[in-house]
Amino acid sequence: RWSNFTTAFQAAHMGELLTSSVLIVLGVVPVSLLIATMAGFAVGHLRMPGRRLVFLLFVLGLTLPFEGIITPLYHQIRDMGLLNTRWAIILPLIGLFMPFGVFWMRAHFVGVPGEISEAAEIDGANTWQRFWRVHVPLAAPAISSLAILLFLWTWNQFLLAIVLVD
């Protein structure tokens, strides 16, 4: 009977669980997009000293297996007093998604011709204006595809929820 679906939905408190999942996604995805876009721009487009070393550190972050860091992560979250809160899931996910997000956005910004940024600089734009008014609009496809990936990965993250939230 169709009423069994409603009964099961109410018995499992699915409304509360879906609300919690939405709040976690809304906490992780925008912050991750912002930080990854800014870091990808800095590593991929700006000619800052040490950018290759920073990029190498982000690439090394891609090699860490998630299952290998879950125990130290548990102890750190416990020591911070964040166990059984949404922050226990939001903060680690932002950090865990950064290597891929920066790698993704760097790949975009490396491909943008430098002449575009030079033209904006000649017109009087500083670095922040070039970033927000020129490069972010050009990066809309890369940002939107990264947003979709981050949404899916955050929504499907069960291990953190099982370990850090009762």
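One residue stands out in the range 16-47 among those that are of a type in the set (S, T, N, Q) and at pLDDT 95 or above: the one that is surrounded by the fewest Cβ atoms within 10 Å (Cβ to Cβ), namely Thr37. Within the range 33-48, not a single residue is assigned to a helix (DSSP H, G or I), without any contact (Cβ under 8 Å) to a residue 24 or more places away in the chain and of a type in the set (Lys, Arg). Regarding Arg52, is this residue open to solvent by 50 Å² or more (accessible area, probe 1.4 Å) and not in a helix (DSSP H, G or I)? No.
Inspect the range 149-156 for any residue being under 16 Å from Met38 (Cα atoms), in a helix (DSSP H, G or I) and open to solvent by 50 Å² or more (accessible area, probe 1.4 Å) and give the result as yes or no. No: zero hits.
Return the residues of the range 107-144 that are outside any helix (DSSP H, G or I), farther than 15 Å from Phe41 by Cα and either open to solvent by 30 Å² or more (accessible area, probe 1.4 Å) or of a type in the set (Asp, Glu) (or both); say none if nothing qualifies.
Scanning the range 107-144 gives Asp123, Gly124.
What are the residues in the range 66-91 that are outside any helix (DSSP H, G or I) and either of a type in the set (Lys, Arg) or within 17 Å of the chain's Cα centre (by Cα) (or both), if any? The answer is Arg86, and nothing else.
The values are calculated or read from the model by the stated rules, or taken from the named source; none is laboratory data. What you see is a predicted model; the values in this text were computed from it and never measured. We place every Cβ from the backbone using ideal geometry, glycine too, and count neighbours over all the protein chains shown. Surface accessibility is based on the protein's heavy atoms, side chains included, excluding ligands, DNA and RNA. Shrake-Rupley method; radii C 1.70, N 1.55, O 1.52, S 1.80 Å.
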